[in-house]
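Notes for the one structure printed next.
The values are calculated or read from the model by the stated rules, or taken from the named source; none is laboratory data. Treat the numbers as computed from the prediction; the structure is a model and nothing was measured. Counting neighbours? That spans all protein chains shown, and the Cβs are built from the backbone with ideal geometry, glycine included.
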Amino acid sequence: MSNPLRSPLDQRLPRIAGPCGMVLFGVTGDLARKKVMPAIYDLANRGFLPPGFSLVGFARRDWADEDFAQIVHDSVREHARTPFREETWQQLCEGIRFVAGDLGDPAAYDELSRVVAELDEQRGTGGNHAFYLSIPPGLFPVVLEHLKTSGLAANTPDAWRRVVIEKPFGHDLKSAQELNALVGTVFDTGSVFRIDHYLGKETVQNILAVRFANEMFEPLWNSNYVDNVQITMAEDIGIGGRAGYYDGIGAARDVIQNHLLQLLALTAMEEPLTFAAAEVRAEKEKVLSAVRLPKDLAAHTARGQYAAGWQGGTPVVGYLQEEGIDPSSHTETFAAMRVDIDNRRWAGVPFYLRTGKRLGRRVTEVAVVFKRAPHLPFLAEAVQELGNNALVFRIQPDEGITVRFGSKVPDTSSIEVRDVTMDFQYGEAFTESSPEAYERLILDVLIGDPPLFPRHVEVELGWTILDPVLDYWAEQGQPDQYASGGWGPQVQYEMLARDGRAWRRP
Ligand code: BG6
């Protein structure tokens, strides 16, 4: 029987998947090649996959099994985290199959059923298969429909079938509800795994560990002491080859709706009774339901679009000049907004969220900014360089935590105080390196462990929060331009200045 206290935080490895396989839709996409395939190899290399694990690729390509195996091999060679071992590769390779066919062709699903059944015989996968939909959202309905009619989606008492759905889960509340209803006609709730890869990051799970394992932070974690919370996810990359996905979606749908709202939920939620999936999700849903948008969206949201500029010493083109982008596109590549949380703990504490592409550098952090001390018994000039205390979860790439506080400047006759920082670095404190988020999440799917996957309620709450902002922006025309390689549009600074605050420099 499973232990109700099992959680993302208290499970002890090793947790090894039982007999199973995965069917991957969208094998030629960036995500499959850069994240999913390497993560599968890394799991195999770390001994977390069963020896008979099978990976079936499905696509409209004229490939044989060997051609697909070559694609997986190249992606592993280029992107895997752990060293390449011929022995691991050979074992994995023996379970690789390819089914060529159109996503809408029933015959292709018949062939897929045959291959899956054959693998159960040859490799002992036991009828347990996860279907990973790494495909554009417009194609979800057709694939789901065929998984249903072909019988591939059917659980039996002895064998499981699960579906892994990549975001975006809809493009607004209505479409998310429709998609959810559709998924519900094919897979039962416990078999649906919605990926938000931020939840697979160790540093994101660490927010819960730091908050709830320690005594010294939680008493301060409320509106008595916290002035504001700033959640920043900055990327230096542009849209790369993802024009088809990104245009019309934009920064808020791509990142705020899921990753940043999840970070907000983990930072702001109440302590769950246990770390079992239902308890953690219930607390996240409670806090997300309490999120309130500002009345004046013009004053409290900001957006931008990257213009040409310099990145790492190289000139780069603006968003509108990117290949495949409509030159009159209004899609934002930078988005920022203020939200409030209507509950006792957070009343009056703004949460500022922002994300953007082609910014100065890649950094994701959650900064909890504290109020100033109520009284400072120092000369005014002695505290000029004292800012607000802050606790910063450095999610990536420099993983750790920074605490900022004031300290005496040495060798001054009167006490002069300046900000200093205390750093915890994952790399120094622990010898184990963090696995990639996808390793953790794929293993959880294969084991059937759901705490790190958002329920549809969370997804819908995300859209409920975002929809009014998106509707408002849709009427505003072209977003402000900002130079690539900088820190985004000026409007974001004005947004905080109106509240008498400023963004922390990441
Ligand atoms: C994805 C977004 O979810 O997250 C991408 O679709 C973004 O646009 C990516 O680049 C960033 O992920 P990470 O893990 O590098 O922060």
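Is one or more of the residues making up the stretch 261-276 more than 16 Å from the ligand (Cβ to nearest atom), out of contact with any helix residue (DSSP H, G or I) (no Cβ under 9 Å at 6 or more places or on another chain) and within 30 Å of Ala373 (Cα to Cα)?
Taking every residue of the stretch 261-276 in turn, none turns out to be more than 16 Å from the ligand (Cβ to nearest atom), out of contact with any helix residue (DSSP H, G or I) (no Cβ under 9 Å at 6 or more places or on another chain) and within 30 Å of Ala373 (Cα to Cα).
If the requirement is being surrounded by fewer than 23 Cβ atoms within 10 Å (Cβ to Cβ) and within 27 Å of Leu496 (Cα to Cα), which of these qualifies: Ile256, Ile249?
Being surrounded by fewer than 23 Cβ atoms within 10 Å (Cβ to Cβ) and within 27 Å of Leu496 (Cα to Cα) holds for just one of Ile256, Ile249, which is Ile249.
Pick out the one residue from Gly486, Gly500, Gly462, Gly477 that is more than 30 Å from Ala44 (Cβ to Cβ) and surrounded by 20 or more Cβ atoms within 10 Å (Cβ to Cβ).
Only one candidate passes the filter, namely Gly462.
Among the residues of the stretch 364-404, write down those that are part of a strand (DSSP E or B), at pLDDT 95 or above, more than 16 Å from the ligand (Cβ to nearest atom) and charged (D, E, K, R).
The answer is Arg404, and nothing else.
How do the pairs read when you match residues in the stretch 268-296 that are closer than 17 Å to Ile341 by Cβ with residues anywhere that are at pLDDT 95 or above and polar (S, T, N, Q), using Cβ under 8 Å and keeping only pairs 6 or more apart or on different chains?
Short answer, once both residue conditions are applied: Lys284/Gln262; Val287/Asn343; Ala290/Asn343; Pro294/Thr301.
Does at least one position in the stretch 159-167 carry a residue that is part of a helix (DSSP H, G or I) and either under 27 Å from Gly244 (Cβ atoms) or among the small types (Gly, Ala, Ser) (or both)?
no
Can you spot a residue in the stretch 224-243 that is more than 20 Å from the chain's Cα centre (by Cα) and among the aliphatic types (A, V, I, L, M)?
yes
Out of everything in the stretch 214-255 that is part of a helix (DSSP H, G or I) and within 11 Å of the ligand (Cβ to nearest atom), what residue ends up being nearest to Trp463 (Cα to Cα)?
The extreme case among them is Arg253.
Would you mind finding the one in Ala153, Ala117, Ala159 that is surrounded by 16 or more Cβ atoms within 10 Å (Cβ to Cβ) and under 26 Å from Asp65 (Cβ atoms)?
Ala153
Kindly list, by first and then second residue, each pair from a residue in the stretch 308-321 that is at pLDDT below 95 to a residue that is of a type in the set (Asp, Glu), limited to pairs with Cβ atoms under 7 Å and residues at least 6 apart or on different chains.
Gln311/Asp236
Please state which one of Ala483, Ala429, Ala437, Ala474 is within 16 Å of the ligand (Cβ to nearest atom) and of a type outside the set (S, T, N, Q).
It is Ala437.
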